[in-house]
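Please read the structure below before turning to the comments.
The values are calculated or read from the model by the stated rules, or taken from the named source; none is laboratory data. For clarity, every value in this text was computed on a predicted model and none was experimentally measured. For neighbour counting, all protein chains shown are included, and Cβ atoms are generated from backbone atoms with ideal geometry for every residue, glycine included. Quick note on the areas: whole protein, heavy atoms, side chains included, nothing else; ligands and nucleic acids left out. Shrake-Rupley method; radii C 1.70, N 1.55, O 1.52, S 1.80 Å.
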Amino acid sequence: MKRKVFFISDRTGITAEMFGQSLLSQFETVDFDENTLPYVDSIKKAEDAKAQIVRAQQETGLRPIVFDTIVTPEIRQVIQSSEALVLDFFHTFIGPLETELGETSGFRVGKTHSLADNEAYDSRIEAVNFALNNDDGVTTRHYDKADVILVGVSRCGKTPTSLYMAMQFGIKAANYPFTEDDMEKLSLPISLKKHKHKIFGLTINPNRLHEIRTERKANSRYASLKQCQFEVREVEALYRREKIPKLNTTTRSVEELATKILATTGIKRRVF
């Protein structure tokens, strides 16, 4: 049976999710049923969240795991009274920091989000719009403004990686697919050649690609294992010929892919 997990926050829940999922990822043999409860910013909402936690415990017979980033003590106490395993990120770290710094923290809802200045926020939004407008080779006119251009076969993970890099790091990432029509004499098109220094290749295990494409378009040539093997083989040969750096996406999360791409290319993240 899956273990129920709740990410609870008085804001968006992104911080609780990021920390919590990083910890849960260390337990690969355990199945988790994850639920995010954002904007729990009143006693009433906290009571509703508690009711969900109690119900989950009754349904599974197992104590739910709760990761929270709630600032207000009264609201936090409601969640802690649910008898779940409650891991409170702020209070786990704030106490030691207060002791070390000799200062009392000024708990305030949303404080973490106010740390990012307007320039960083605008950079993130601009990067997301760039990724959306330059997705899947729709246009190549703006590649001169790209920080990186991800290339690879269809469904190898280019779009989610581009968007993650934009949202998390403010990186302007375009992506370009190599399609079945390109495979006979696969080479870099002119629109990519002049930006070769920005190109980063993604590849994938053909069997995994076959599974992904089958979910999208079953019993098609596009999804056949033979076609997947052919396309991956041709694209990887192109990477070798053109000396294009590459990563295999098969077992990597978008977080890991984005981090490794930045480390390999030396591109500086704009948003922290």
Qualifying residue in the stretch 206-225 (condition: in contact with a strand residue (DSSP E or B) (Cβ under 6 Å, 6 or more places away or on another chain) and over 18 Å from residue 147 (Cα atoms)): no
Test: residue in the stretch 28-44 that is assigned to a helix (DSSP H, G or I), open to solvent by less than 50 Å² (accessible area, probe 1.4 Å) and either modelled with pLDDT under 95 or under 24 Å from residue 94 (Cβ atoms) (or both): no
Given (1) open to solvent by 70 Å² or more (accessible area, probe 1.4 Å); (2) in a helix (DSSP H, G or I); (3) of a type in the set (Val, Ile, Thr), number of the condition residue 104 does not satisfy: (2)
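Would you confirm, using the coordinates I've provided, whether residue 193 is more than 25 Å from the chain's Cα centre (by Cα), open to solvent by 70 Å² or more (accessible area, probe 1.4 Å) and at pLDDT 90 or above? Please lay out each step first, then the result.
On the way: more than 25 Å from the chain's Cα centre (by Cα): yes; open to solvent by 70 Å² or more (accessible area, probe 1.4 Å): yes; at pLDDT 90 or above: yes.
Against the criterion (more than 25 Å from the chain's Cα centre (by Cα), open to solvent by 70 Å² or more (accessible area, probe 1.4 Å) and at pLDDT 90 or above), residue 193 qualifies.
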Within the stretch 196-212, considering residues that are assigned to a helix (DSSP H, G or I) and hydrophobic (A, V, I, L, M, F, W, C), the one most open to solvent (accessible area, probe 1.4 Å): 212
Residue match in the stretch 213-223 (condition: over 29 Å from residue 141 (Cα atoms), touching a Ser or Thr at 6+ places or on another chain (Cβ under 7 Å), not in a helix (DSSP H, G or I) and not aromatic (Phe, Trp, Tyr)): yes
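Please go through the stretch 71-101 and pick out each residue that is assigned to a strand (DSSP E or B) and either farther than 27 Å from residue 61 by Cβ or among the charged types (D, E, K, R) (or both).
Filtering the stretch 71-101 down to residues assigned to a strand (DSSP E or B) leaves 85-88.
Across the stretch 71-101, the qualifying residue is only 88.
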Subset of the stretch 118-174 that is part of a loop (DSSP other than H, G, I, E, B) and without any contact (Cβ under 8 Å) to a residue 24 or more places away in the chain - its residue that is most open to solvent (accessible area, probe 1.4 Å): 141
Within the stretch 177-190, considering residues that are over 20 Å from residue 206 (Cβ atoms) and not aliphatic (A, V, I, L, M), the one least open to solvent (accessible area, probe 1.4 Å): 189
Neighbours by Cβ (under 7 Å, 6+ apart or cross-chain): first from the stretch 186-198, within 19 Å of residue 232 (Cα to Cα); second open to solvent by 70 Å² or more (accessible area, probe 1.4 Å) and not small (Gly, Ala, Ser): 188/196
Given (1) closer than 17 Å to residue 153 by Cα; (2) of a type in the set (Lys, Arg); (3) within 20 Å of the chain's Cα centre (by Cα); (4) part of a helix (DSSP H, G or I), number of the condition residue 233 does not satisfy: (3)
Any hit, the stretch 50-59, residues being part of a loop (DSSP other than H, G, I, E, B) and within 30 Å of residue 255 (Cβ to Cβ): no
So residue 231, is it open to solvent by less than 30 Å² (accessible area, probe 1.4 Å) and of a type in the set (D, E, K, R): yes
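Would you point out the residue of the stretch 1-27, among those that are within 22 Å of residue 43 (Cβ to Cβ) and not charged (D, E, K, R), that is surrounded by the most Cβ atoms within 10 Å (Cβ to Cβ)?
We begin by selecting, within the stretch 1-27, every residue within 22 Å of residue 43 (Cβ to Cβ); these are 6-13, 15-16.
Cutting the leftovers down to not charged (D, E, K, R) gives us 6-9, 12-13, 15-16.
Working: 6: 27, 7: 23, 8: 31, 9: 24, 12: 14, 13: 21, 15: 18, 16: 27.
Going through the qualifying residues, I end up with 8.
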